[in-house]
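Reviewing the structure listed below.
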Amino acid sequence: MKRRLKSFPMLNDIIVLSLILSVSTLVNVNTVIPSYMGSLGAQAFIVGLAYTLMAFSRAVARLISGFLRDVAGERIVLTICLLLRMCAYILLFLAKDVLNLVAGLALLATAQGLENPALLSATAVVAGETASTGAVFGLILTLRMGPNIVSPVLSGWFADSFGVRNIFILGLVLTCFSLLFYTRVKTGFKLKYADPLGVKAVFRKDLLLLLLATFFLFITVSSFIPILSYWIGEELGYSYLALGLVFSSRNLIALFSRVYSGQLSDRFGELNMLMCVGLVRAVALLLLPFTKEIAAITLLVVLHGSLMAAPPRSAFIAKMFGKEDYGKAYGSVGLAQDLGSMVGPVLMGFIADHYGYTVAYMSMSGFLIAFIFTIGVLKRFSSTLNG
């Protein structure tokens with residue numbers, strides 16, 4: 001029988017883990033990287049290519065993380081993640097040209113890729129024992145991403161005041177604090193299972209449909225920030241601080257939307273919630289290129305982030321798989337995310353350079369429509385399977 005959240009002490013462990021990992025995200029390099037690369041001579045296509053290379057690094061890391069988590073547990077994976085993040089910030093600080101900057105970004109993306117399957121698997125162990133799977137994922141992801149409310153403003157202000165390179169020093173210091181806290185805190189779950197290399201479970205048709213939908217979604221997710229940042233900073237001429245305010249407004253909504261997205265998925269179904277996410281984002285992207293005022297842009301960016309896909313998607317996976325396959329399942333979904341992220345920025349950067357930003361935003365909306373359709377097929381298949 002599923003237990004209420006307040007009667008499940010392991011929830012405290014995963015909350016502590018999420019808070020520790022959130023410290024280093026007080027620095028948001030995505031706020032400044034696209035425009036910073038532009039100042040070094042990179043065009044929008046090169047910026048998109050850099051984000052594609054980051055996605056490739058993240059994809060490889062997710063696959064390694066998923067299997068390593070099922071072999072050795074989340075603690076080893078997350079320790080390696082924090083060490084690599086520190087090295088990435090050092091490399092970013094030392095970079096003097098686009099090539100070295102991209103190398104640092106690739107290492108940072110590798111660290112991000114290692115973290116995701118380990119954290120989601122640890123959360124699934126907790127969420128799978130409760131009656132509120134989506135709500136647990138919403139809570140943990142909210143805590144993990146909470147610093148994003150202030151990190152774009154902090155990063156934008158820091159870049160305007162002290163220079164972009166000093167942001168990387170700040171990121172290094174914060175990551176050192178995260179690692180120090182993590183080595184001193186004992187989490188209460190062990191994640192080691194008998195058949196870590198078994199891959200049969202990840203080739204089910206319902207998972208493959210979810211992977212395809214995730215691929216479509218992340219073509220738009222990955223290209224949204226670099227295209228929007230380049231458009232606002234280079235085309236419309238707004239400052240780093242203005243960029244930070246736009247993204248902080250979105251992240252403030254996201255702080256709450258992750259929680260209520262998880263709660264709504266528990267009530268109305270994970271797949272219904274995912275289709276709503278696609279619809280809301282498609283509408284926001286269709287309207288975005290027709291406004292140039294920063295206030296109106298901010299409102300549409302807030303609308304774009306008003307519903308989150310991660311809690312319902314993660315809850316759906318937790319219900320599909322056993323604990324012994326969580327790492328591989330979340331790693332597979334992470335791979336689909338990163339394949340979309342490899343295609344999205346370079347494709348949308350090419351479209352923006354050759355056909356304009358209006359066509360780029362319309363194209364992103366088109367991929368969201370494909371996402372909605374694929375989730376609809378998955379819903380029908382799941383209903384048939386369960387019926």
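May I ask you to say which residue of V283, V302, V246 is farther than 25 Å from A109 by Cβ, touching a helix residue (DSSP H, G or I) at 6+ places or on another chain (Cβ under 6 Å) and of a type outside the set (D, E)? Break it down stepwise before answering.
Numbers: V283 fails: touching a helix residue (DSSP H, G or I) at 6+ places or on another chain (Cβ under 6 Å); V246 fails: farther than 25 Å from A109 by Cβ.
Testing whether each residue is farther than 25 Å from A109 by Cβ, touching a helix residue (DSSP H, G or I) at 6+ places or on another chain (Cβ under 6 Å) and of a type outside the set (D, E) leaves just V302.
The rows are residues; the columns are (1) within 20 Å of the chain's Cα centre (by Cα); (2) crowded, with 22+ Cβ neighbours inside 10 Å; (3) not hydroxyl-bearing (S, T, Y).
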position	(1), (2), (3)
F93	no, no, yes
K96	no, no, yes
L99	no, no, yes
L105	yes, yes, yes
T110	yes, yes, no
S121	yes, yes, no
G138	yes, yes, yes
W157	no, no, yes
F162	no, no, yes
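Conditions (1) basic (K, R); (2) at pLDDT 85 or above; (3) farther than 22 Å from A111 by Cα; (4) in contact with a helix residue (DSSP H, G or I) (Cβ under 8 Å, 6 or more places away or on another chain), marked per residue:
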residue: F177; (1), (2), (3), (4): no, yes, no, yes
residue: V185; (1), (2), (3), (4): no, no, no, yes
residue: L210; (1), (2), (3), (4): no, yes, yes, yes
residue: F218; (1), (2), (3), (4): no, yes, no, yes
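Look at L68 and say whether it is surrounded by fewer than 18 Cβ atoms within 10 Å (Cβ to Cβ) and more than 16 Å from the chain's Cα centre (by Cα).
no
Being at pLDDT 85 or above and aromatic (F, W, Y) narrows it down to one of Y51, Y89, so name that one.
Numbers: Y51 fails: at pLDDT 85 or above.
Only one candidate passes the filter, namely Y89.
Which of the residues belonging to region 140-155 are under 15 Å from V259 (Cα atoms) and either surrounded by fewer than 19 Cβ atoms within 10 Å (Cβ to Cβ) or β-branched (V, I, T) (or both)?
I140, T142, I149
Criterion first (closer than 13 Å to A135 by Cβ and free of Cβ contacts under 8 Å to residues at least 40 places away in the same chain) does R267 satisfy it? Please lay out each step first, then the result.
Numbers: closer than 13 Å to A135 by Cβ: yes; free of Cβ contacts under 8 Å to residues at least 40 places away in the same chain: yes.
Taking the combined requirement at face value, the residue satisfies it.
P345 fails exactly one of the following numbered conditions: (1) under 13 Å from L228 (Cα atoms); (2) modelled with pLDDT of 90 or more; (3) surrounded by 24 or more Cβ atoms within 10 Å (Cβ to Cβ). What is the number of that condition?
Here P345 meets the rest and fails (2).
Being assigned to a helix (DSSP H, G or I) and of a type outside the set (A, V, I, L, M, F, W, C) is the filter here, so list the residues in region 231-260 that pass it.
Taking region 231-260 and keeping what is assigned to a helix (DSSP H, G or I), we get 231-235, 240-260.
Correct list: G233, E234, E235, Y240, G244, S248, S249, R250, N251, S257, R258, Y260.
The values are calculated or read from the model by the stated rules, or taken from the named source; none is laboratory data. This structure is a prediction, so every number in the text was calculated from the model and none was measured. Note: ideal-geometry Cβ built from the backbone for every residue, glycine included; neighbour counts use all protein chains shown.
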